[in-house]
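See structure below.
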Amino acid sequence: MAPPHRGLWAFTLLLLTTLTTLLPFTSAAPSPGCSKPATLRNGQQLTTTINGKSRQYTLRVPDNYNPSNNAPYRLIFLWHQLGGSAQKIIQGEDPNRGGVLPYYGLPPLDTNKSAIYVVPQGLNQGWGNQNGEDVSFFDNMLQTVTEGLCVDTNLVFSTGFSYGGAMSYSLACSRPSKIRAVAVISGSLLSGCSGGNEPVAYYAQHGTSDSVLNISGGRQLRDRFVRNNKCSANNGGEPQPGQGGRSTRVEYQGCAQDKPVVWVVHGGDHNPSQKDSGSNEPFAPRNTWEFFSRFK
Ligand SMILES: *[C@@H]1O[C@H](CO)[C@@H](O)[C@H](O)[C@H]1NC(C)=O
Ligand SMILES: *[C@@H]1O[C@H](CO)[C@@H](O)[C@H](O)[C@H]1NC(C)=O
């Protein structure tokens, strides 16, 4: 005789299996730092040693930080451009002269104060990632920060302009199980792509008049994740900037669950703070925040 609840068990198992398959990220993954008071603080500059080299990074933690927050925090890595610095990301530079807003303009958009930011300093002011040393630096920072602060390890993001975009791309290639989504602003293949066969949610923007890292390089990076994320290749053809100085935004169709690809093309040069005509606000921050905040 069958045990009375066998049908129910089978149903529950089926339901669980289906849910786990359909929704790879169903709930928060609180880091070790969620079960204790913070051991790291806002504005702290940290130093570590990678391959015998001293490396520095700075934290931005919301002032109302609370480790028993009902939701563990998002963690966003912000990589500077060539010749930039962590300090220039923290303070920002004039967006009307090609600079980025403080912290890539993200904190004012995070009205829930849901994110902790990590701002690393590059060797030789860049991310050459020699023998993977900048990826190792990322691994080290991720471990330290998730131990010291309450982070949802399913909500780790990376963004940057130019070399910083290249570094974000490199992490999407080599750390697809740790990085939920990237935003690559005018990037190129400068920090390598070790691995590069797994899907990662991918936002990128690029100018058709980019005189430093041409747009064909940006398209090549994008196409890797169009492929990995199993999106349909854009059958409308390569999008052009919109009329009258506006950007064009394309959301690829048919991508795997939780692995969108968004591509924004504009008519400008190598500029992280490109604006649409008639707008006073660079669009990279809002587009990036819109993309990162899709993930829960
Ligand atoms: C704030 O959190 C709520 C609830 O999770 C969410 O719906 C909303 O989009 C968040 N706002 C922003 C600006 O991210
Ligand atoms: C774009 O830049 C790459 C790398 O510098 C170069 O190999 C390629 O020829 C350039 N393509 C165009 C269309 O300028």
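Anything in the stretch 209-218 that is in contact (Cβ under 8 Å) with a residue 40 or more places away in the chain and either within 11 Å of ligand 2 (Cβ to nearest atom) or not polar (S, T, N, Q) (or both)? List them, or say none.
210, 211, 212, 213, 215
Taking the residues in the stretch 110-126 that are crowded, with 20+ Cβ neighbours inside 10 Å and small (Gly, Ala, Ser) as candidates, determine which candidate is farthest from ligand 1 (Cβ to nearest atom).
Residue satisfying both the conditions and the ranking: 126.
Yes or no: the stretch 221-239 includes at least one residue that is polar (S, T, N, Q) and within 24 Å of residue 28 (Cβ to Cβ).
Taking every residue of the stretch 221-239 in turn, at least one turns out to be polar (S, T, N, Q) and within 24 Å of residue 28 (Cβ to Cβ).
Of all residues in the stretch 101-150 being touching a residue at least 60 places away in the same chain (Cβ under 8 Å), β-branched (Val, Ile, Thr) and outside any helix (DSSP H, G or I), which is farthest from residue 90 (Cα to Cα)?
Applying the filter and picking the extreme gives 118.
Quick one: residue 66 ticks every box in (1) closer than 23 Å to residue 286 by Cα; (2) surrounded by fewer than 17 Cβ atoms within 10 Å (Cβ to Cβ) except a single one, so which number is it?
Here residue 66 meets the rest and fails (1).
Please indicate, with yes or no, whether at least one residue in the stretch 174-184 is within 16 Å of ligand 1 (Cβ to nearest atom), among the aliphatic types (A, V, I, L, M) and closer than 19 Å to residue 296 by Cα.
Taking every residue of the stretch 174-184 in turn, at least one turns out to be within 16 Å of ligand 1 (Cβ to nearest atom), among the aliphatic types (A, V, I, L, M) and closer than 19 Å to residue 296 by Cα.
Residue check, residue 287 against (1) in a loop (DSSP other than H, G, I, E, B); (2) within 16 Å of ligand 1 (Cβ to nearest atom); (3) polar (S, T, N, Q), all met but one. Which one?
(1)
Could you please give the count of residues in the stretch 240-296 that are among the basic types (Lys, Arg), within 19 Å of residue 105 (Cα to Cα) and crowded, with 19+ Cβ neighbours inside 10 Å?
Of the residues in that region, 1 qualify.
Restricted to the stretch 76-109, and to residues that are within 16 Å of ligand 1 (Cβ to nearest atom) and hydrophobic (A, V, I, L, M, F, W, C), which residue is farthest from residue 169 (Cα to Cα)?
Step by step, filter the stretch 76-109, then rank; the result is 109.
Among the residues of the stretch 142-192, which ones are in contact with a helix residue (DSSP H, G or I) (Cβ under 8 Å, 6 or more places away or on another chain) and among the acidic types (Asp, Glu)?
147
Restricting the search to the stretch 66-100, which residues are assigned to a loop (DSSP other than H, G, I, E, B) and either in contact with a helix residue (DSSP H, G or I) (Cβ under 6 Å, 6 or more places away or on another chain) or at pLDDT below 95 (or both)?
Of everything in the stretch 66-100, those that are assigned to a loop (DSSP other than H, G, I, E, B) and either in contact with a helix residue (DSSP H, G or I) (Cβ under 6 Å, 6 or more places away or on another chain) or at pLDDT below 95 (or both) turn out to be 66, 67, 68, 69, 70, 71, 72, 80, 81, 82, 92, 98.
Determine if the stretch 152-167 includes at least one residue that is closer than 20 Å to residue 113 by Cα, of a type in the set (A, V, I, L, M) and in contact (Cβ under 8 Å) with a residue 12 or more places away in the chain.
Checking the stretch 152-167: at least one residue is closer than 20 Å to residue 113 by Cα, of a type in the set (A, V, I, L, M) and in contact (Cβ under 8 Å) with a residue 12 or more places away in the chain.
Would you mind telling me which numbered condition in (1) surrounded by fewer than 24 Cβ atoms within 10 Å (Cβ to Cβ); (2) farther than 23 Å from residue 99 by Cα residue 213 fails?
(2)
The values are calculated or read from the model by the stated rules, or taken from the named source; none is laboratory data. Please read these numbers as outputs of a predicted model, since none were measured by experiment. Backbone-built Cβ (ideal geometry, glycine too); neighbour counts: all protein chains shown.
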